[in-house]
Amino acid sequence: MATNFSDSDLLPIKEIVRQEGAVIGRAGNRDLIGNIYRPPIGDEPRAAVVIVHGGGWRKGSPRGVRGFGEFLSRAGFVCLCPEYRLSGEAHWPAQIEDVKCSIRYLKHNHEQLGLDKERIGITGDSAGGHLALMAGVKSEFEGKGGYSDQSSDVKAVGAMYGPVRVRKVRADGSPMGLLPPSANDSDYATASPIEYDLADFPPCLLIHGADDPAVPLSGTLDLYSKLVALGRTVELHSFAGEGHAFDRRSSTQERMVDILDPSSISGPTVIRLIARFFAKFL
């Protein structure tokens, strides 16, 4: 059963519950922390969304996607913004192992959080978009973070300007650093969602700036074409004239701002696209 909201009542939940700094599993030898934003528990279990932060796999934190969690929880979703081990702490596949652990955490605690564990989606921006896509493919990167009795499968995936192919260097020629120096071409393929069999890929939302210099639109177009050819459900939104992280671009500030900041230019449009997509497919 999908979450229902209309143009005139996009955010029906006025007061949400915030639980920041929750221990949601193990990341190697330490705790894995996440921030939870959710509506009050009601009579019916709700759909849930894992929201993965970006930062080139080398920086960032769940605080960077707080605006997404706040908005989507007010739209009726249980939201988890998890941390994951950055590349300076651990190489691939630690990142996807931690993200999958966060999905299993939600399923394990579904009654406590008031969610339907069969209606969990995932979204993320940039590196987080890559990890969201990787959560949608069938891989063996489950890790040992906890809740092994639960599946890490998701019902829908949303990715904002996420790399679909992982390389040794970035578009600007700088080292990517996600995989160790010893990694070979096969290792990089296992970190690239487009290299997988996508015949059973869940419904997918793709959002990208057409002039993105950091993660070129061409990769997202290739993924879109592959999913269409396989008959999968996929929705693509390309924003003309926009670059990387365009949803954080401010009308008044030079720095990036939260997607819900009043000065955000495209943020409100992007978050509404995401909310409507998950309302339809979760």
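Bear in mind that the values in this text are calculations on the coordinates, not laboratory data. As the structure is a computational prediction, the values presented were derived from the model and not from experiment. For neighbour counting, all protein chains shown are included, and Cβ atoms are generated from backbone atoms with ideal geometry for every residue, glycine included.
Going from the residue with the fewest nearby Cβ atoms within 10 Å to the one with the most, V164, V50 rank V164, V50. Once you have a ≥ b ≥ c as the square roots of the Cα gyration tensor eigenvalues for the range 234-282, tell me rounded if a/c is under 1.5, and otherwise prolate or oblate according to whether a/b is larger than b/c. Oblate is the answer for the range 234-282, as a/c is 1.5 or above yet b/c matches or exceeds a/b.
Across the range 121-181, Cα-Cα pairs farther apart than 15 Å form 59% of the total.
Roughly what percent of Cα-Cα pairs across the range 1-107 reach past 18 Å? Roughly 49 percent, rounded to a whole number. What does DSSP give for the range 34-152 in terms of the percent of beta bridges that are antiparallel, rounded to the nearest 5? Antiparallel bridges: around 30 percent, rounded to the nearest 5.
If we count every other residue with Cβ under 13 angstrom of I207's Cβ, Lys/Arg +1 and Asp/Glu -1, where does the sum land? Computed value for this residue: -2.
Counting only Cβ charges, +1 for Lys and Arg and -1 for Asp and Glu, the dipole size of the range 102-224 around its Cα centre is about 200 debye. Since only S266, F278, S238 are under comparison, the one whose Cα sits farthest along the positive direction of the charge dipole of the range 216-282, derived from C-beta charges on Lys, Arg, Asp and Glu, is F278. Of E254, E111, the sequence from fewest to most neighbouring Cβ atoms within 10 angstrom is E254, E111.
Taken about its Cα centre, the range 187-274 carries a charge dipole of roughly 240 debye when the Cβ of each Lys and Arg holds +1 and the Cβ of each Asp and Glu holds -1. Each listed q (0.09, 0.13, 0.14, 0.21 Å⁻¹) maps to a log10 I(q)/I(0) for the range 154-282, found by the Debye formula over equal Cα scatterers with no solvent: -0.30, -0.62, -0.71, -1.26.
For the chain, DSSP calls about 40 percent of its internal beta bridges antiparallel.
Restricting the range 69-156 to trypsin sites (Lys or Arg not before Pro) that sit in a DSSP loop and have at most 12 other Cβ atoms within 10 Å of their own Cβ leaves K138, K144. Quick check: Cα centre of the range 147-207 to Cα centre of the range 87-110, how many Å? Cα centres, the range 147-207 to the range 87-110: 14 Å. Of the trypsin sites (Lys or Arg not before Pro) in the range 181-282, the ones in a loop by DSSP (not H, G, I, E or B) with at most 10 other beta carbons within 10 Å are R255.
Toward the positive end of the charge dipole of the range 1-155, about the Cα centre and with charges on Cβ (Lys, Arg +1; Asp, Glu -1), which of N35, Q112, W57 goes farthest? In the range 1-155, that residue is W57.
In plain terms, the residue of M256, M134 with the fewest other Cβ atoms within 10 Å comes first and the most crowded comes last, giving M256, M134. The charge dipole of the chain, taken about its Cα centre with unit charges on the Cβ of Lys, Arg, Asp and Glu (plus for the first two, minus for the last two), comes to roughly 280 debye. Note that the chain shows a convex hull volume over its alpha carbon atoms of 127 Å³ per residue.
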